[in-house]
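Trainee: This is the structure I have questions about; it appears just below.
The values are calculated or read from the model by the stated rules, or taken from the named source; none is laboratory data. Note that the structure is a prediction, hence the values are computed from the model and not measured. A quick note on method: Cβ atoms are made from the backbone with ideal geometry, for glycine too, and the neighbour counts reach across all protein chains shown. With ligands, DNA and RNA removed, areas are computed over all heavy atoms of the protein, side chains included. Shrake-Rupley method; radii C 1.70, N 1.55, O 1.52, S 1.80 Å.
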Amino acid sequence: MVHSPAYRYYSENPNFKDGKTAQPPVPGTIARGAVPYPYANTIDEQKRAGRELVNPIGHSPEDIKIGKEKYAVYCAMCHGAKGKGDGNLVQSGKFGMPAPPLVADYVQNEPDGAIFHTITVGTVSGLMGSHSLQLKPYDRWRVVKYIKTGLKNE
Ligand code: HEC
């Protein structure tokens, strides 16, 4: 105990089969604070998310206001400040394709969970990527709430 031999993190280590000191986490380990997202990026899974996930955001003006701010930062450049699909990136031609209008009925009629799913994993085609790193889950729900309540009236 007086001399406990410590291995440096990146050093070789004869005590493990793979000879490394830094061992990978045990399979199934979840980082503290991380919430696994159990839906794959397919249409069926998007529908399932729409049936199963419930938007935890009520109608607090504060939540909707934050949703609007996040929308302006992370979505408006493609989907447009008023959700018409005419954001700056689309208009400038730099994005190379239109973005769907989020005020359209077919988006507005989607369950909140399906829109949350699209923000979380992106679209199946990959043309819109995941925004899970930019927006924490609660903020994604706020954006969904804003899309369903405030966006149409902008
Ligand atoms: C870089 C441009 C870009 C950004 C940024 C972007 N989107 Fe998209 N989004 C697209 C495109 C393009 C599609 C259509 C892709 C497809 O059909 O595969 C799409 C599709 C969608 C759809 C699906 C509509 C449908 O057909 O059901 C939703 C909902 C959506 N986006 C919401 C958002 C939200 C919310 C944000 C911000 C968090 C966002 N998008 C950010 C380009 C973007």
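Trainee: With equal scatterers on the alpha carbons only and no solvent term, can you work out the Debye log10 of I(q)/I(0) for the range 1-105 at 0.11, 0.20 1/Å?
Mentor: Normalising to I(0) and taking log10 leaves -0.69, -1.22.
Trainee: I've got another one for you. Find the eigenvalues of the gyration tensor of the Cα atoms of the range 43-153, then list the square roots of 5 times those eigenvalues as equivalent ellipsoid semi-axes, largest first, in whole angstrom.
Mentor: Those come to 20, 17, 13 Å.
Trainee: Over 18 Å between Cα atoms, which of LYS94/LYS136; LYS68/LYS148; LYS70/LYS94; LYS65/LYS94 qualify?
Mentor: Violating the 18 Å Cα-Cα cut-off are LYS94/LYS136; LYS70/LYS94; LYS65/LYS94.
Trainee: Need one number: nm distance between label points at ALA40 and ALA104, each 7 Å from Cα along Cα→Cβ, rounded to one decimal.
Mentor: It is 2.6 nm.
Trainee: Starting from the coordinates of the alpha-carbon atoms of the range 82-128, obtain the Kirkwood hydrodynamic radius over all distinct pairs and give the value in Å to one decimal.
Mentor: On the way: mean 1/r = 0.0860 Å⁻¹.
Hydrodynamic radius (Kirkwood, Cα only) of the range 82-128 equals 11.6 Å.
Trainee: Counting Lys and Arg as +1 and Asp and Glu as -1, each charge on the Cβ, what is the dipole of the chain about the Cα centre in debye, to the nearest 20? Could you put the intermediate results ahead of the total?
Mentor: Values: 19 positive and 14 negative charges, 43 e Å.
So the magnitude is around 200 debye.
Trainee: Pop out the carbon and sulfur fraction of the accessible area of the range 43-153 as a percent, whole number, probe 1.4 Å. It would help to have the intermediate numbers written out before the result.
Mentor: Details: 3500 of 6100 Å².
Of the solvent-accessible surface of the range 43-153, carbon and sulfur hold 57 percent.
Trainee: What 222 nm value per residue comes from the helices of the chain, counting each DSSP H run with n ≥ 4 as -39,500 (n - 2.57) and dividing by all residues, nearest 500 deg cm²/dmol? Let's see the in-between values first.
Mentor: Numbers: 7 runs with 59 residues, N = 154.
Calculated mean residue ellipticity at 222 nm is -10500 deg cm²/dmol.
Trainee: Ignoring the sites themselves, what is the longest stretch of the chain with no chymotrypsin sites (Phe, Trp or Tyr not before Pro) in a DSSP loop and at most 16 other beta-carbon atoms within 10 Å? Spell out each step's value before the answer.
Mentor: Details: sites that count: TYR7, TYR9, TYR10, PHE16, PHE95.
The longest such stretch corresponds to 17-94.
Trainee: Be a star and scan the range 133-149 for residues whose amide nitrogen sits under 19 Å from the point 7 Å along the Cα-to-Cβ vector of GLU62.
Mentor: 136-146
Trainee: Just to verify a number: FRET efficiency for LYS17 and SER130, C-beta to C-beta distance, R0 = 35 Å, to 0.05?
Mentor: Values: r = 35 Å, r/R0 = 1.01.
Between LYS17 and SER130 the formula returns 0.50.
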